[in-house]
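We did not get these values from a lab; they are worked out from the coordinates using the rules stated. Fair warning: this is a prediction, and the values are worked out from it, not measured in the lab. Don't worry about glycine lacking a Cβ; one is built from the backbone with ideal geometry, like all the others, and counts go over all protein chains shown.
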Amino acid sequence: EDLFQRFPTAPNAHYLYGYLLFATDPDQALPQFKRELEIAPSNAAAEVMMAWDSLMRGSFAEALPYAQKAAAEEPEATVPQLVLGRSLLETGDVKDGMEHLEKALQLDPDNLETHLALAKAYSKSGRKQDARRERLRCLQIAKAQDTQNTQVAQP
């Protein structure tokens, strides 16, 4: 609170605080992201977090404008493409959703969330083989991550 009183319009301060709160208290994080967007309307990271929270809550239509703005501000970043693709997919625009998810995959081929979303998109569009391939890729990524975590945990 002292930081916010001393520097009420410091860019990224509210975003950082919201980000730190998000894992344990998303309801308290949201006002911080909103305040960040009042201070810095083109903060794509805050837009992404607003979209991500809406997706997690099942408020897909609410996520869409945040995701669209984030992807417009950072078109070559993975996460804005992912949240836009998921938002479009969940609001019924499977074709455009797949395009953004495929772009996210090009930007980060090992992103598990992107593969999961693509499996769903392909399944919805009737592309059963592609959906199966994505599900198998999800299992490979999860197994690789589990192996890495086990190796890190061992002395």
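Here is how the numbers come out for the structure above:
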| read-out | value |
| --- | --- |
| Overall form of region 68-132 per C-alpha gyration tensor (a/c, 1.5; a/b vs b/c) | oblate |
| Cut-off of 10 Å, at most 14 other beta carbons, DSSP loop: longest stretch of the chain lacking such GluC sites (Glu not before Pro) | 77-155 |
| Net charge, Tyr122 excluded, C-beta distance under 11 Å - Lys, Arg +1, Asp, Glu -1 | +4 |
| The chain - mean residue ellipticity at 222 nm from DSSP helices (-39,500 (n - 2.57) per run, n ≥ 4, rounded to 500) | -25000 deg cm²/dmol |
| Net lengthening on full extension, Lys128/Met56 (0.36 nm per residue, minus Cα-Cα) | 23.4 nm |
| Shape category assigned to the chain from the gyration tensor of Cα positions, a/c cut at 1.5 | oblate |
| Difference of contour (0.36 nm per residue) and Cα-Cα distance, Thr91 to Leu139 | 14.6 nm |
| Cα gyration tensor shape for region 99-146, rounded if a/c is under 1.5, else prolate or oblate | oblate |
| Simple spin-label estimate for Leu3 and Thr147 in nanometres, 7 Å along Cα-Cβ | 3.9 |
| Those lysines that a straight Cα-Cα span of less than 18 Å connects to Lys120, excepting residues fewer than 8 apart in one chain | Lys95, Lys103, Lys128 |
| Degrees separating the helix 13-22 axis from the principal Cα axis of the chain, which is the longest one | 50 |
| Angle in degrees between helix 128-153 and the longest Cα principal axis of the chain, rounded to the nearest 10 | 60 |
